[in-house]
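Here is the structure we will look at, set down as structure tokens.
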Amino acid sequence: MSGPDGPDGHDRPVVADLAGALEVVETYLLGEAPTLTRVQVAEQAGVPLEVASELWRLLGFPTQSDDDVAFTPLDVEALRDTRALIDLGILGPERQAALVRTWGRSYARLAEWQTTLLADLALESGAGAAETLAQLTDEVLPRVDALQSYVWRRHLVGAGSRLLAVEAPGSPVSRLAVVFVDIVGYTSRSKTMSESDLVEWLEYFESETLGLVVDHGGRIIKNIGDEVLLVADDVFSAVEIALMMTTRGRDDDDAFPSVRAGIAYGDVVSRLGDVFGPTVNVAARLTSVARPGTVVVDRGAYEALSGRVHDESDDSPDSEAGTDSGAPYTFRRMRRMSVKGYPRLNAWALRPNGTVSGPSGS
């Protein structure tokens, strides 16, 4: 749209004013205005330029020419610290690329969101946007920096506790319940919503899901659009989380969307905050075949939950187990299914024997 307003509706003079203020923010964040080229940074840090360039590339930083003055002494210090970690063997060749790339992706997304938030707040103030941004930078960023360090440290404590609890500390393999939860009808519903309403809806889903998962001892690995991947050390906790989410999704008076869930229990490879392996793949496949509002589990979860060993020779569907009054769940054996990578996958539809506890299931 032409005229004095930009495509986002903000006055161009205000945006230009804000651009000038961003230079002040850059100086604040980097300690001082850029005075060094990448060649000078590498020389002062004692790191070969090709090594420094590869690290910056993995971190997702813009590529600079040898003559671009875009660096400060803070970059020199960071490069020295990185070299020290390499020399100590912490960042070996097999870990360096993956770890640095993960750092870059994670912080790039976080920085993008935080910058947008600060800029929007400054622009909403109208005149004096630059002064507002400078004030926000001075008052907000130090607290954000401290909170990010705090959150990281608390997660380190939690990860360390989980690591020490397994039989082989340091091993990337552990026995976990893996849960995929998928929003039912996401594509059709998203087509009828405005962009802002869609974002608000997804943020509500993610926020409510986070609360349910954390309150019941689980950990969210990642949100993938209309799907969430989570894990729990205890398969019973994983089932309670899934049942509460499906129960809330069936409640017409609850804004929580209708969902379906797949759970698999077995050995999982944990790496850089993500999980891998057949157990993860099976959980994803089970979610794709679950009906709306239902929870489907694999053989590992079924045996752990029911206390029974599945007889492979029994290929009859629709058999039920765990129907005695003392059993917490009832299982309905589903027909063996053929899904991608698993031509004869055993699965059971699970439902509770009683009322699901939780905000909307009590």
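The values are calculated or read from the model by the stated rules, or taken from the named source; none is laboratory data. What you see is a predicted model, and the numbers here were worked out from it, not measured in a lab. Glycine gets a Cβ as well: all are built from the backbone with ideal geometry, and neighbour counts include every protein chain shown.
Are there any pairs with C-beta distances below 9 angstrom linking a residue in the range 37-50 that is under 14 Å from T72 (Cβ atoms) to a residue that is among the basic types (K, R) and in a helix (DSSP H, G or I), with the two at least 6 apart or on different chains, and if so which?
Listed pairs, sorted by first residue: Q44/R80; A45/R80; A45/R83.
Just to confirm my filter: which strands (runs of 3 or more DSSP E) fall fully inside the range 207-291 and include at least 1 residues that are touching a Pro at 6+ places or on another chain (Cβ under 9 Å) and surrounded by 22 or more Cβ atoms within 10 Å (Cβ to Cβ)?
Because the criterion is at least 1 residues that are touching a Pro at 6+ places or on another chain (Cβ under 9 Å) and surrounded by 22 or more Cβ atoms within 10 Å (Cβ to Cβ), the strands (runs of 3 or more DSSP E) in the range 207-291 that meet it are 259-271.
Answer yes or no: is there a residue in the range 51-65 that is modelled with pLDDT of 75 or more, more than 30 Å from K222 (Cβ to Cβ), in contact with a Ser or Thr (Cβ under 7 Å, 6 or more places away or on another chain) and assigned by TED's automatic domain parsing to the domain that holds T132.
No: the range 51-65 contains no residue that is modelled with pLDDT of 75 or more, more than 30 Å from K222 (Cβ to Cβ), in contact with a Ser or Thr (Cβ under 7 Å, 6 or more places away or on another chain) and assigned by TED's automatic domain parsing to the domain that holds T132.
For the structure I just gave you, tell me whether R332 is part of a strand (DSSP E or B), at pLDDT 85 or above and outside the structural domain of H155 (by TED's automatic domain parsing).
It is true that R332 is part of a strand (DSSP E or B), at pLDDT 85 or above and outside the structural domain of H155 (by TED's automatic domain parsing).
Report, by residue number, each residue of the range 341-362 that is in a loop (DSSP other than H, G, I, E, B) and at pLDDT 75 or above. Let's see the steps before the verdict.
First, pick out the residues of the range 341-362 that are in a loop (DSSP other than H, G, I, E, B): 341, 346-347, 353-362.
Of everything in the range 341-362, those that are in a loop (DSSP other than H, G, I, E, B) and at pLDDT 75 or above turn out to be N346, A347, N353.
Which count do you get for residues in the range 47-66 that are within 11 Å of T82 (Cβ to Cβ) and small (G, A, S)?
Selection size over the range 47-66: 1.
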